[in-house]
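*Asks:* Below are the structure tokens for one structure; questions will follow.
The values are calculated or read from the model by the stated rules, or taken from the named source; none is laboratory data. None of the values given here were measured: they were computed from a predicted structure. Using ideal geometry, Cβ is built from the backbone for each residue, glycine included, and neighbour counts are taken over all protein chains shown.
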Amino acid sequence: MTVISKENSFGAWAFLIGVVLAVLIGIGTSSLIPIDSIIKHSPQIYAVLVILGILVGFSIKAERKDAQTFLYTGAILVIISKFGMDSVTGSLIGIGVGGLVSSIFGALLTLFVPATIIVALKTVFSIARI
């Protein structure tokens, strides 16, 4: 039986909800499967993703190894998502899913960028303590 830490439970749930929401938003705002209500309210929905990213960033403890792991994976996800948005659109445009994949990557960037920035800042400040 594994013991689950209650202190990171909120961050884990916020992260899971954010990823699921980012994928749904990406699907709903793509030109392949447009959902009018998501397109109409996309600024508000993207704001929710940013807020979830901020909550995830603040829930990661900067003094732990979790912060280092999160920064590595978060930076990789941000870089891959940004480059993926550009390259996937061009390579998958022939089969019609380039816009869909690009839209999902954009929504994931909206979630991961604030979280990664906050964890990075918290880590820098924890290292700089005298």
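*Asks:* For residues in the stretch 35-67 being polar (S, T, N, Q) and loosely packed, with under 13 Cβ neighbours inside 10 Å, which is modelled with the highest pLDDT? Before the answer, list the steps.
*Replies:* From the stretch 35-67, those polar (S, T, N, Q) are 37, 42, 44, 59; that's our starting set.
Filter once more, keeping what is loosely packed, with under 13 Cβ neighbours inside 10 Å: 37, 44.
On the way: Ser37: 68, Gln44: 84.
Once the filter is applied, the top-ranked residue is Gln44.
*Asks:* For the stretch 77-100, which residues satisfy the criterion of being modelled with pLDDT of 80 or more and surrounded by 12 or more Cβ atoms within 10 Å (Cβ to Cβ)?
*Replies:* Leu77, Val78, Ile80, Ser81, Lys82
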